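Step one of this worksheet: look at the structure below.
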Amino acid sequence: MRCFLPILFAAVLMSPSHYAEDGYALWLRYPRLAPDSTSPGADECPRFTIILATPTGQETPTLALAQAELETALRHLYGQPPLVRLEAVDTDSLPYALRANDTKAREGFLIAPFTTSPQNNTSSSPVLRIAAASDTGILYGVFALLRQLQLSDQPFSNIAITSVPSIAHRLLNHWDNLDGFVERGYAGNSLWRWEELPDELDPRYRDYARAMASLGLNGTVLNNVNADARILTTEYLLKVAALADLFRAYGLRVYLSARFSAPIEIGELHTGDPLATEVAAWWRAKAAEIYALIPDFGGFLVKANSEGQPGPHDYGRSHAEGANMLAEALAPHGGIVIWRAFVYSPDNKTDRVKQAYNEFLPLDGNFAPNVVLQIKNGPLDFMPREPFSPLFGAMRQTPLAAELQITQEYLGQQHQVAFLAPMWKEFLTSETYTQGPGSTVAKVIDGTLNGHPLSLISGVANTGSDRNWTGHPLAQANWYAYGRLAWDHTLTSGKIAHEWAQLTFRNARSFDPETVETIEKLLLGSRETVVNYSMPLGLHHIMATAHHYGPGPWVDNLHRDDWNPTYYHRADEQGLGFDRTATGSNALSQYAPELQTLWGNPDTCPPEFLLWFHHLPWDYRLSTGHTLWDKLCLSYQQGVEEAQAMLSTWEKLAGKVDTERFTDVRQRLARQVTDAITWRDSCLLYFQTFSKRPFPAGVEPPPHSLSYYQSLRPESTPGNP
Ligand code: GCV
């Protein structure tokens, strides 16, 4: 069969560096897959047949989307659409992994060559069958197939995949306010145009849902955890319902952040006390109203008694009492409560990283079955590097969800490249040791270690109204990586980087594996580079005030002690770092004995956590032979050099990547180099006032004085509430 491509279309596809790629298409660009021109039949375009097999075999909105995706994609990839057929499948004939009666199994899929020709298939063209216990499983299978076709040279007819998500609820959390502002958002305004909803539906909503489905993400919390109670008014619920109606066919459920004091603010009650009968009744009625409008509503996400948010403590009640009251309201409808553990108090003088553990561990076993505790990956707050939160090891009777931050609040805010998959993998593969070796954080979150059927993961979204969704073109890789890991936490960072780079930068017809490999490598080292030039060796929370962009290790004037960088680095004439061993705050005691032994001794503590757990003398000698001061200086220097290397690596891609994305990334990388230098010079000059030691050979002397760096105040700081 001859390919037919209109000449103009072909010309555009053939010269990717000469046409605009604005990034809107994300990893769903579907470039023409070029057969090797030397191979026999290179000009032939295969006409694939794809069977979509579900228990009913009936057409549904989700299956219509699956078919449309296949048609569009294969037309672009191969020049012609496939033949798609729906069929009924007996669920008992599906692999065991797809048969269980739970969300994971229902959303899994099987892709396999179809060997027995069905009666009405007379063609000899390759036939594949995608089977699943639900339509959503089919849609996920379609996206997996399309990904696979673009990634491997495997013949179509050999593709065989059985896949089931590791975690049942895979969510994005949008920190979007109702006025369109996105807290910690670095890619424009909110995607949700509340003033237009429910009557006008931005076509972008569909593209968002499609991108989510392509990753297997099945939930979205639409509004900020610093919640505005108005989202629960009927006026807003109608708007939310319009989005939910649109997202449903993509398998995407809507959740809302609920403000604990909503009964007072929008309900005319005088209290929000979770044990007051009128309060519980108000939430029950509210839940009933929501489910009447949105039958598949996911549930509430709650930030309570943290950073000024209202909560059960306001009435002398515990977090469990607060969460369970909401859980009871949602339970009859199948909804869940996602209760955040990001709780620390201005009145509590205990080391901040210990507070969530102290607060929640005593409540283990007290939560209703439809409550899941959502815990940030580290015990502090999304720093470039933290050890895992000890709650993941300690709370065995409560389903625990991980909250990851995709938006780069502390890692360059989408002016800088920081590919986060390696950071998330470090976290997911961390050993908690609660049931011996192999008791990884990933197994806690997916529910298998402690036997919880409710499993959930959240990523704080990095999306916004920018045309390319994420501001930095390479920040799309973090949305992608989050989605892929939420689906399968065993994937490696390397595989994810490879997939994303190839899907996002593969040139039509002129596929250049070297370009993909270069981008992949650049991504993989980028997070460590950011750590090196900002907070190496376990330093943390030494960023500038409020907007959190750039360095501020000298800041000591904030009204809350635990918001000051000086609280965390504890630099003095003797040395640097936070003693969290038994001689200090003893936060270390919240971890398993194996980790206490490893991390408690500075000689065995991995260098990346050294200053997290120890206050060490400036002349302390590391296993590398360097003194602490020299190693600190050299780490900052290394970060700068790595940032410079990223820029020169990228510059080599001129002409290989389309001009639009090439230029955008080049400009941002140049800024990243400047930012890295500012971090290095600011921090080293500041710490030098304590160490009183010279910079070692190889570290460039700063061109300005410390006061110059202290006077730098970026004017434009998006995302800062
Ligand atoms: C949504 C950090 C951020 C806040 C954020 C908070 C949270 O403190 O700076 O903007 O608030 O975390 O996760 O609740």
(request) Compute the separation of the alpha-carbon centres of region 372-408 and region 174-244 and state it in Å as a whole number. (result) 25
(request) At 0.36 nm per residue, minus the direct Cα-Cα distance, what do Thr674 and His704 gain on full extension? Give it in nm, one decimal, please. (result) 9.4 nm
(message) Please give the Cα centre distance for region 699-721 versus region 549-593, rounded to the nearest Å.
(response) 22
(message) Using each residue's phi in region 457-472, evaluate 6.51 cos²θ - 1.76 cosθ + 1.60 at θ = phi - 60° and report the 3J(HN,Hα) Karplus result to the nearest Hz, with x for Gly and Pro.
(response) 9, 10, x, 6, 4, 10, 8, x, 6, 3, 3, 8, 6, 10, x, 5
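Express in nm, to one decimal, how much length is gained between Glu268 and Ala697 on full extension, taking 0.36 nm for each residue of separation and deducting their alpha carbon distance.
Working: separation 429, 0.36 × 429 = 154.44 nm, distance 6.75 nm.
Full extension from Glu268 to Ala697 adds 147.7 nm.
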(request) Rounded to the nearest 500, what is the 222 nm mean residue ellipticity of the chain from helices alone, with -39500 (n - 2.57) per DSSP H run of 4+ residues and division by all residues? (result) -11500 deg cm²/dmol
(message) Please list 3J(HN,Hα) in residue order for region 538-549, calculated via the Karplus relation 6.51 cos²θ - 1.76 cosθ + 1.60 where θ = phi - 60°; whole Hz, with x for glycine and proline.
(response) x, 5, 7, 6, 10, 8, 5, 5, 6, 7, 6, 9
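As an exercise, take the mean of 1/r over every pair of distinct alpha carbons in region 416-552, invert it, and state the Kirkwood radius in angstroms.
Working: mean 1/r = 0.0592 Å⁻¹.
Computed over region 416-552, the radius equals 16.9 Å.
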(message) Taking the number of other C-beta atoms within 10 Å as the exposure measure, put Ser134, Ser682 in order starting with the fewest.
(response) Ser134, Ser682
(request) Just need log10 I(q)/I(0) for the chain at q = 0.05, 0.07 Å⁻¹, Debye formula, equal scatterers on the alpha-carbon atoms, no solvent, rounded to two decimals. (result) -0.25, -0.50
(message) In the chain, once you exclude exposed trypsin sites (Lys or Arg not before Pro) (DSSP loop, at most 13 other Cβ within 10 angstrom), what's the longest stretch remaining?
(response) 1-348
(message) With the crude spin-label approximation of a point 7 Å out along Cα→Cβ, what separation in nm comes out for Arg230 versus Ala68?
(response) 3.2
(message) Can you compute the FRET efficiency between Asn158 and Leu201 using 1/(1 + (r/R0)^6), with r the Cβ-Cβ distance and R0 = 51 Å? Round to the nearest 0.05.
(response) 0.80
(message) Once you place label points 7 Å from the Cα toward the Cβ at Glu514 and Leu712, how far apart are they in nm?
(response) 3.5
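Among Lys104/Lys495; Lys631/Lys692; Lys376/Lys443; Lys495/Lys652; Lys425/Lys652; Lys239/Lys286, which pairs are too far apart, with a Cα-Cα distance over 18 Å?
Numbers: Lys104/Lys495 22 Å; Lys631/Lys692 15 Å; Lys376/Lys443 16 Å; Lys495/Lys652 23 Å; Lys425/Lys652 29 Å; Lys239/Lys286 15 Å.
From the list (Lys104/Lys495; Lys631/Lys692; Lys376/Lys443; Lys495/Lys652; Lys425/Lys652; Lys239/Lys286), the Cα-Cα distance tops 18 Å for Lys104/Lys495; Lys495/Lys652; Lys425/Lys652.
Calculate, for Glu608 and Glu660, the FRET efficiency according to 1/(1 + (r/R0)^6) with r their C-beta to C-beta distance and R0 25 Å; round to the nearest 0.05.
Values: r = 37 Å, r/R0 = 1.46.
The computed FRET efficiency comes out at 0.10.
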(request) Give, in nm to one decimal, the length gained when the segment between Ser623 and Thr649 is fully stretched (0.36 nm per residue of separation minus the Cα-Cα distance). (result) 6.2 nm
(request) Relative to the compact-globule scaling 2.2 N^0.38 Å, provide the ratio for the alpha-carbon radius of gyration of region 169-492. (result) 0.94
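Calculated FRET efficiency, Lys495 and Thr597, Cβ-Cβ r, R0 35 Å, to nearest 0.05? Write out the running numbers ahead of the final one.
Details: r = 33 Å, r/R0 = 0.95.
It comes out at approximately 0.60.
Since every read-out is calculated from the coordinates, none of them should be taken as a lab result. Bear in mind that the values here come from a model prediction, so they are computed numbers and not experimental data. Cβ: placed from backbone, ideal geometry, glycine included. Neighbour counts: every protein chain shown.
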